[in-house]
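Have a look at the structure below, then the notes.
The values are calculated or read from the model by the stated rules, or taken from the named source; none is laboratory data. Since the model is a prediction, treat every value here as computed from it, not as a measurement. Glycine gets a Cβ as well: all are built from the backbone with ideal geometry, and neighbour counts include every protein chain shown.
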Amino acid sequence: MTIEIKNLTKIYGQQKALDNVSLTASQGEIVGLLGPNGAGKSTMMKIITCFIPPTSGEVKICGFDIFEEPMEIKSLIGYLPEQNPLYTDLYVRESLEFTAGIHGLKSKEKKFRVEQMIETVGLTKEVNKKIGTLSKGYKQRVGLAQAMIHNPKVLILDEPTTGLDPNQIIEIRQIINRIGKEKTVLLSTHIMQEVEAMCSRAVIINNGRLVADDSIENLSAGGSMEKKFREITSLQ
Ligand code: ADP
């Protein structure tokens, strides 16, 4: 298992954002994390990536514990937060070189990874532009390239296609599908079609609680995933 989450709870003041959530994911899986706004998706991602601590529970990434070995975990995880963190004044290649440097990549390896990422996410034509001048879809590609520059085993993507136009959405989905074959990808969304197009499995959380964890096939049985999602989330 690359992701192991056991009895995870997060309480912000009076607000219980995650309530005893457990789940696992393995290499080669693209898992969709679904839930209405406020369900606790971003909170779970911030905990997995060691940005915030949980109130209780256990998280291990490739066997490393978030409390004991956060530096190892950060080197194994690529994270694209909902607000794509980009230096808009930097040129595309310059920005990727900078991120690679932060991850400790040096000379030859750094150059190799930067060029590889430019190709993987389809940025070749935009590589000499300033990030601030790119369209939202291309900015998202830069965000993905940044998240993957150190060749992480696990990718955590918080609503990676929000705000993109239909063509850009398809392109980003194709990139994620390609990448997902050799990594473990956990991506959050509240768009059902997104999960159907990219994921093998979906985890649904509602009011901080895990309410479903199943294959897309099973979740779509007897109608559509949309129907099942409404049923499950309105019951809570
Ligand atoms: P989602 O990503 O599914 O929309 P979040 O994880 O962002 O959900 O939020 C889950 C709940 O926790 C929401 O009720 C939200 O208002 C609350 N919350 C998130 N971050 C904080 C915070 N820093 N302080 C207090 N409450 C928070």
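Here are the numbers:
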{"item": "Segment 36-50, residues that are within 11 Å of the ligand (Cβ to nearest atom) and touching a Leu at 6+ places or on another chain (Cβ under 8 Å)", "result": "Gly40, Lys41, Thr43, Met44, Met45, Ile47"}
{"item": "Qualifying residue in segment 117-137 (condition: closer than 18 Å to Pro85 by Cβ, among the aliphatic types (A, V, I, L, M) and within 15 Å of the chain's Cα centre (by Cα))", "result": "no"}
{"item": "Residue within segment 202-217 that is touching a strand residue (DSSP E or B) at 6+ places or on another chain (Cβ under 6 Å), crowded, with 21+ Cβ neighbours inside 10 Å and farther than 21 Å from Asp19 by Cβ present", "result": "no"}
{"item": "Strands (runs of 3 or more DSSP E) fully within segment 1-65 counting 2 or more residues that are closer than 17 Å to Lys153 by Cα, touching a Cys at 6+ places or on another chain (Cβ under 7 Å) and in contact (Cβ under 8 Å) with a residue 12 or more places away in the chain", "result": "30-34"}
{"item": "Identity of the residue in segment 7-55, crowded, with 19+ Cβ neighbours inside 10 Å and among the basic types (Lys, Arg), that ends up nearest to Lys74 (Cα to Cα)", "result": "Lys46"}
{"item": "Filtered residue count, segment 218-236, keeping only those that are of a type in the set (Asp, Glu) and either assigned to a loop (DSSP other than H, G, I, E, B) or touching a residue at least 12 places away in the same chain (Cβ under 8 Å) (or both)", "result": "1"}
{"item": "Count of residues meeting criterion [out of contact with any Pro (no Cβ under 7 Å at 6 or more places or on another chain) and either more than 21 Å from Gly122 (Cβ to Cβ) or of a type in the set (Val, Ile, Thr) (or both)] in segment 177-204", "result": "17"}
{"item": "Segment 109-135, subset closer than 24 Å to Ile77 by Cβ and among the basic types (Lys, Arg), residue surrounded by the most Cβ atoms within 10 Å (Cβ to Cβ)", "result": "Arg113"}
{"item": "Test: residue in segment 51-70 that is within 16 Å of the ligand (Cβ to nearest atom), more than 27 Å from Arg209 (Cβ to Cβ) and either under 16 Å from the mean Cα position of the chain (by Cα) or of a type in the set (Lys, Arg) (or both)", "result": "no"}
{"item": "Boolean, Glu194 is surrounded by fewer than 16 Cβ atoms within 10 Å (Cβ to Cβ), out of contact with any Cys (no Cβ under 9 Å at 6 or more places or on another chain) and not hydrophobic (A, V, I, L, M, F, W, C)", "result": "no"}
{"item": "Tally, over segment 138-167, of residues that are surrounded by fewer than 18 Cβ atoms within 10 Å (Cβ to Cβ), on the phi < 0 side of the Ramachandran plot and modelled with pLDDT under 95", "result": "4"}
{"item": "Residue in segment 3-21 that is nearest to the chain's Cα centre (by Cα), counting only those that are more than 16 Å from the ligand (Cβ to nearest atom) and farther than 14 Å from Leu186 by Cβ", "result": "Lys6"}
